[in-house]
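Undergrad: One structure, pasted below without further comment.
The values are calculated or read from the model by the stated rules, or taken from the named source; none is laboratory data. Since we're looking at a predicted model, the values are computed, not measured. Neighbour counts run over all protein chains shown; Cβ positions are idealised from the backbone, glycine included.
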C-alpha cells in the first residue's frame, strides 16, 4: 500500500515536471526555431517527441545511476549536442526578453548588431572553456 | 450590379502560377465570374503582394458596370513555397536538430534534478509512505512515467484526429509561420 502511495506521489510530481518542461520548451520557441533550422519540413511533432524521449533519458541517467559504458566518444558527442542546446536556449531566452530589438535600437547598423552577437557567442564559449579548463592548468 | 469581394490575408502555394480564384472570393459568384477568376493567373516568384485595389482593377476591367465592395483584407501575401527536395545536407541538419533536442532535453531535466536534489526528494517520499529508507526505484519509474505523461498532455502528441483543439505546440508553430509570412510580405513591399 505504501509503495502505491509513494508511486502515485512520484507520478504526480513527474506529471507536473513533464508539463512544466514541455511548456518551457514551447514558451521559449525552441521547437519552432529548431524546426526552421532543420532541413526537412513537417517534423515538428517528431522534434517534440525527441525532446520528450531525451527528458526520459535524462531521468534514467540522473535518478537510477545507470551507465552505458559506451566510451568517451559518445560522452563527447552527447556533451557537444548538450552544449548546442544551451546555445539555442540562450538565444531563445535573449529573444523572449527582447534583447535583440533592444540591441538593434542602440545600434541601428546591422553589421554592428551581428558583431555584438558574435562577441556574445565568443564570450559564452570562452567563459565555458575557462570554467572547465581553468582547473586543468592550475 | 453589386459584387462583394473578400481577399485572403495570406496564401501559400507550391506553384509559381496562382489563379485569382485561390486568393479572392466573390459574391454573387456566377458562372462567368467563376470562369474569369479561374482563368486570371498571378505569377509568384518568391512572394507576391496583391492589393485589393489591383483585384478591383482586374475585375472591373472585365466587368465594366461592376460596383465592387471589398469586405476582406486590403492586401494578400502570396508565398511561393516549393516542395523541399531531400538533400544529404538537409537530412544531416535534421539529424542534428533531433540530437540537440534529445540531449538538450536530457540535460534540462538533469539540471533540474540536480537543482532540486530530486533523488533526495524521492527518498523522502518513499520514507514518508513506506517508512525507513526504502528503495526509490519504483518511485523513480513512476516519476519518469509521470514526466512522459506530462509531455504528452501538454504537447498533445497523440491526439485523436477528431479533436480539433490546437495544442500549445500547434499555436507556437502557427505564430511562427504567421510572423515569417508577415516579415516576408513587409520585406517584399520595401
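Undergrad: At the interface with chain B (Cβ under 8 Å from one of its Cβ atoms), over 16 Å from the mean Cα position of the chain (by Cα) and assigned to a helix (DSSP H, G or I): does that describe residue A:62?
TA: yes
Undergrad: Only one of A:85, A:47 is in a helix (DSSP H, G or I), closer than 15 Å to residue B:104 by Cα and touching a residue at least 12 places away in the same chain (Cβ under 8 Å); which?
TA: None of the other options fit; the residue is A:47.
Undergrad: Looking only at region A:40-48, decide whether some residue is touching a helix residue (DSSP H, G or I) at 6+ places or on another chain (Cβ under 9 Å), modelled with pLDDT of 85 or more, crowded, with 18+ Cβ neighbours inside 10 Å and within 7 Å of chain B (Cβ to nearest Cβ).
TA: yes
Undergrad: While we're on this one: Go through region A:9-34 and count every residue that is more than 7 Å from chain B (Cβ to nearest Cβ) and in a helix (DSSP H, G or I).
TA: 6
Undergrad: For the structure I just gave you, tell me whether residue A:5 is surrounded by fewer than 19 Cβ atoms within 10 Å (Cβ to Cβ), over 20 Å from the mean Cα position of the chain (by Cα) and over 13 Å from residue B:151 (Cα atoms).
TA: Yes: the conditions hold for residue A:5.
Undergrad: Additional query: Between residues in region B:113-136 that are under 19 Å from residue A:55 (Cα atoms) and residues that are at pLDDT below 80 and in a helix (DSSP H, G or I), which pairs lie under 6 Å by C-beta distance while being six or more apart or on different chains?
TA: none
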